[in-house]
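The values are calculated or read from the model by the stated rules, or taken from the named source; none is laboratory data. Fair warning: this is a prediction, and the values are worked out from it, not measured in the lab. Cβ placement follows ideal geometry from the backbone for every residue including glycine, while neighbour counts extend to all protein chains displayed. Protein only, heavy atoms only, side chains kept; ligands, DNA and RNA dropped before computing areas. Shrake-Rupley method; radii C 1.70, N 1.55, O 1.52, S 1.80 Å.
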Amino acid sequence: MSRVLIVDDEKSMRITLSEFLKREGYEIDSASDAFLAFQMMDKAEYDIIVTDIIMPRITGIELLEKIREKTGNIQIIIMTGEPTVETAVKAVQNGANDYLTKPINRDVFLKAVRHAAQVKLLIDEKTELEKQNKKY
């Protein structure tokens, strides 16, 4: 099952989303801000990152941009309680897998995570097939 990192400065949101995903069998870690998320990403590999946009010190969009500089394989779901066209456009331009608005609907959230997990699996399979193909 996929490993997910939830990044949100609201503890209640981290707990709620974690519980949704744990019941579905996902491995979950959480971080209260982007700096802690970066530290966790240095120690573990994640398939999916779910991040809020509005956080102290560094926004979810900036987190998304920095992750994309390092890798294109991690699937990222952006959440926000204050949706704007500008943030939606930035999220999509920087490769967000999905853009969800708060309050988060459990079924919509789980569907977005399942989709991100499928995309990640396909990317990993493609990468492995290309590697095997080069061998032969």
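In the chain, the longest principal axis of the Cα atoms and the axis of helix 34-43 are about 30 degrees apart. Annotation: amide H-H contacts under 5 Å for residue 2 (H modelled 1.01 Å from N, sequence separation of 5 or more, or interchain): 27. Ignoring aspartates and glutamates fewer than eight residues from residue 120 along the same chain, the ones with Cα atoms less than 16 angstrom from its Cα are 27, 45, 47, 98, 128, 130. Taking every protein chain into account, the accessible area of the chain amounts to 58 square angstrom per residue (probe 1.4 Å). Extension gain for the segment residue 125 to residue 9, taken as residue separation times 0.36 nm less the Cα-Cα distance, is 38.4 nm to one decimal. Entry note, the chain: relative contact order of 21 percent, from Cα contacts under 8 Å with a spacing of 6+ residues. Close amide H pairs (under 5 Å, H built 1.01 Å from N) link residue 100 with 78, 79, 80, residues at least 5 positions away or on another chain. Against the chain, whose longest principal axis is taken from its Cα atoms, helix 106-135 shows a tilt of about 20°.
For semi-axes √(5λ) of the Cα gyration tensor in Å, the value computed from the atomic coordinates appears in the list (1) 26, 19, 12; (2) 19, 17, 15; (3) 24, 17, 15 under label (3).
Against the chain, whose longest principal axis comes from its Cα atoms, helix 11-23 is set at around 40 degrees. With 28 Å as the limit on Cα-Cα distance, the pairs of 70/134; 90/135; 22/134 that go past it are 90/135; 22/134. A simple spin-label model places pseudo-atoms 7 Å from Cα toward Cβ; at residue 62 and residue 107 they are separated by 3.8 nm.
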